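The values are calculated or read from the model by the stated rules, or taken from the named source; none is laboratory data. What you are looking at is a predicted structure, and each value in this text was computed from that prediction instead of being measured. For neighbour counting, all protein chains shown are included, and Cβ atoms are generated from backbone atoms with ideal geometry for every residue, glycine included.
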């Protein structure tokens, strides 16, 4: 494994760990195209991927992916055997299986709360994954696994987070649950009670009192003049 490629992967993993809270063991969802490419290029996914991601990894797939590989017959028999070794993640298509790509897309809805990686060679699926922020994408080039650089959508999402303009969906749900637990969420129909402010004295009554005091303290000007004359005569 090249040193440059390892540094590249480590830098990208740091981005997802820091901004999207990815933790070990890393949950990697694989489809049939990735398994087929690994088989063709003689890549040991279970042995090589943890070293490349620099951490423990849990390889997963879905029943829809297995069903799709079974339907494609002998050509993808080897890929089916590889996929069957992985942990099966429950999807919502038990009764009506869908294509592998559709199923994997459904697994990363609502902000990818389970922190899945997507491992695929399907270009159409890759393009759809890149339109969702916070989803690491793995693919195979020649005989090496590659962790794709963060998509423009992921970079824009992180930039908004840093400016406090956006909260991830799973965090919003956690905040709501915490508020409900602490009883901070007000029930519908509950009215806010306004506090009555302590009333101050009526300004008009104050003015009246001041006027009375000034009137009582004043003496008629005629009486003042008489007093002055008496003093002079003495």
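If the condition is being in a helix (DSSP H, G or I), surrounded by 20 or more Cβ atoms within 10 Å (Cβ to Cβ) and over 21 Å from the mean Cα position of the chain (by Cα), then the stretch 123-157 contributes only 125. Selection over the stretch 106-122 of residues that are touching a residue at least 60 places away in the same chain (Cβ under 8 Å) and assigned to a helix (DSSP H, G or I) gives a count of 1. Filtered by the rule that a residue be part of a loop (DSSP other than H, G, I, E, B) and in contact with a strand residue (DSSP E or B) (Cβ under 9 Å, 6 or more places away or on another chain), the stretch 1-46 gives 1, 2, 22, 24, 25, 31, 41, 43. Condition (residue is within 28 Å of residue 159 (Cα to Cα), surrounded by 13 or more Cβ atoms within 10 Å (Cβ to Cβ) and either without any contact (Cβ under 8 Å) to a residue 24 or more places away in the chain or under 20 Å from the mean Cα position of the chain (by Cα) (or both)) applied to the stretch 81-92: is it met by at least one residue? Taking every residue of the stretch 81-92 in turn, none turns out to be within 28 Å of residue 159 (Cα to Cα), surrounded by 13 or more Cβ atoms within 10 Å (Cβ to Cβ) and either without any contact (Cβ under 8 Å) to a residue 24 or more places away in the chain or under 20 Å from the mean Cα position of the chain (by Cα) (or both). Against the test of being more than 30 Å from residue 60 (Cβ to Cβ), modelled with pLDDT under 75 and part of a helix (DSSP H, G or I), the options 184, 204 yield a single qualifying residue, 204.
For the stretch 65-85, give me each residue that is assigned to a loop (DSSP other than H, G, I, E, B) and under 20 Å from residue 125 (Cα atoms). Break it down stepwise before answering.
From the stretch 65-85, those assigned to a loop (DSSP other than H, G, I, E, B) are 72, 85; that's our starting set.
Matches in the stretch 65-85: 72 only.
Take the residues in the stretch 101-115 that are more than 11 Å from residue 134 (Cβ to Cβ) and in contact with a strand residue (DSSP E or B) (Cβ under 8 Å, 6 or more places away or on another chain); name whichever of them is surrounded by the most Cβ atoms within 10 Å (Cβ to Cβ). Before the answer, list the steps.
Here is the first cut: in the stretch 101-115, the residues more than 11 Å from residue 134 (Cβ to Cβ) are 101-107, 109-110, 114.
This time we only want the ones that are in contact with a strand residue (DSSP E or B) (Cβ under 8 Å, 6 or more places away or on another chain), so: 103-104, 107, 114.
Values: 103: 23, 104: 27, 107: 19, 114: 13.
Ranking the candidates gives 104 first.
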